[in-house]
Number of protein chains: 2
Amino acid sequence: MPKAPASKRALKAPPPPSRRSPCPVACALDLFGDRWTLLVIRDLMLGRSRFKDFVSSPEGIPTNILSDRLERLLEGGIVCQIPATDGGKRMAYELTEKGEALRPILKSMRDWGLSWEAGTKVLLQPV
Amino acid sequence: MPKAPASKRALKAPPPPSRRSPCPVACALDLFGDRWTLLVIRDLMLGRSRFKDFVSSPEGIPTNILSDRLERLLEGGIVCQIPATDGGKRMAYELTEKGEALRPILKSMRDWGLSWEAGTKVLLQPV
DNA sequence: TAATTTACTTGCAAATAGCAAGTGATTCGT
DNA sequence: ACGAATCACTTGCTATTTGCAAGTAAATTA
């Protein structure tokens, strides 16, 4: 088996009920308002599901950050773990219904970037 | 006049063309992938336009962070400055067309939060 | 014109990010 | 079945960023 999930000491996850406000946007940003989380979710939406897949995305997320973000996404109910399809003992990550519901956000971000940021283009293809 | 805009030393803005990848999502996150920027944009979309308005939003953004974020948004072409409507000498911030184009992102984030995060509710009303 | 408000800056401690180098299971190749 | 490679992480360390509290100076108000 792989090692136990990310320890609490490595990169601290904030105690869950410390919302800055009841605003739905603020609350969403408490969950994924950082430079990396939505890129992992992007990868999941394109069918990537394994730790190594996220690591090998073009942005090069550091592995300790990835561990922390996956842990937060699990705690937030946005992803879950399932047995990998290769029949082995390793696990894969998958979006929950709550995570799938983020798709319009990612789509509108992609559209905005393509429209307003010169030189951007879709490079990752669905699996 | 108020003091000159935020200095470069206070909180460093990254050299513009250091994109992590040409992905439109990654590029968008380079501009507003943090806990505060989209809250300022939310306020702007609701008609707030002055420094003090952003400071008095319920999340309580620290003023040094706000200065830094406004500076980045100006550099990124997402906001601009215009004379405040009160006829005085002070300036107000306003979304550019590029900034206005972020509206679908904010809307989908609000909808997601309202649907999936218990206890969230719209609290800020348009001016 | 004195007091208040606005729009910031500065200094500092604490938290977070990110790099490089492990570590120990699992899987692959032969 | 055994060694080598891969996978999914953790650890240690430094650099950067955050966020609080306390200024500061111009603009506005009384």
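The values are calculated or read from the model by the stated rules, or taken from the named source; none is laboratory data. Source: prediction; values computed, not measured. Virtual Cβ from ideal backbone geometry, glycine too; neighbours counted across all protein chains shown. These area figures cover heavy atoms from the full protein model, side chains too; ligands, DNA and RNA do not enter into them. Shrake-Rupley method; radii C 1.70, N 1.55, O 1.52, S 1.80 Å.
None of B:L73, B:L31 is within 15 Å of DNA strand D (Cβ to nearest atom) and open to solvent by less than 10 Å² (accessible area, probe 1.4 Å) except B:L73.
For the range B:63-78, the candidate set comprises residues that are in contact with a strand residue (DSSP E or B) (Cβ under 9 Å, 6 or more places away or on another chain) and within 14 Å of chain A (Cβ to nearest Cβ); within that set, the residue that is farthest from DNA strand C (Cβ to nearest atom) is B:I78. Need the failing condition index for A:A26 against (1) surrounded by 19 or more Cβ atoms within 10 Å (Cβ to Cβ); (2) more than 9 Å from chain B (Cβ to nearest Cβ), just the number. With respect to (1) surrounded by 19 or more Cβ atoms within 10 Å (Cβ to Cβ); (2) more than 9 Å from chain B (Cβ to nearest Cβ), A:A26 is out only on (2).
Residues that are within 7 Å of chain A (Cβ to nearest Cβ), open to solvent by 70 Å² or more (accessible area, probe 1.4 Å) and under 16 Å from B:V40 (Cβ atoms) within the range B:109-127 comprise just one, B:R110. Using the structure shown, decide if B:L106 is open to solvent by 40 Å² or more (accessible area, probe 1.4 Å), modelled with pLDDT of 95 or more and under 30 Å from A:L114 (Cα atoms). Considered against the rule, which asks whether it is open to solvent by 40 Å² or more (accessible area, probe 1.4 Å), modelled with pLDDT of 95 or more and under 30 Å from A:L114 (Cα atoms), B:L106 comes out as no.
Would you mind stating whether B:C80 is closer than 21 Å to A:L39 by Cβ, more than 15 Å from DNA strand D (Cβ to nearest atom) and open to solvent by less than 60 Å² (accessible area, probe 1.4 Å)? Answer is no for this residue. Filtered by the rule that a residue be in a helix (DSSP H, G or I) and under 15 Å from B:L70 (Cβ atoms), the range B:26-38 gives B:L31, B:F32, B:T37, B:L38. Set side by side, the residues A:K52, A:K89 differ, and just one is surrounded by fewer than 17 Cβ atoms within 10 Å (Cβ to Cβ), more than 13 Å from every other protein chain (Cβ to nearest Cβ), basic (K, R) and touching a residue at least 12 places away in the same chain (Cβ under 8 Å), which is A:K89.
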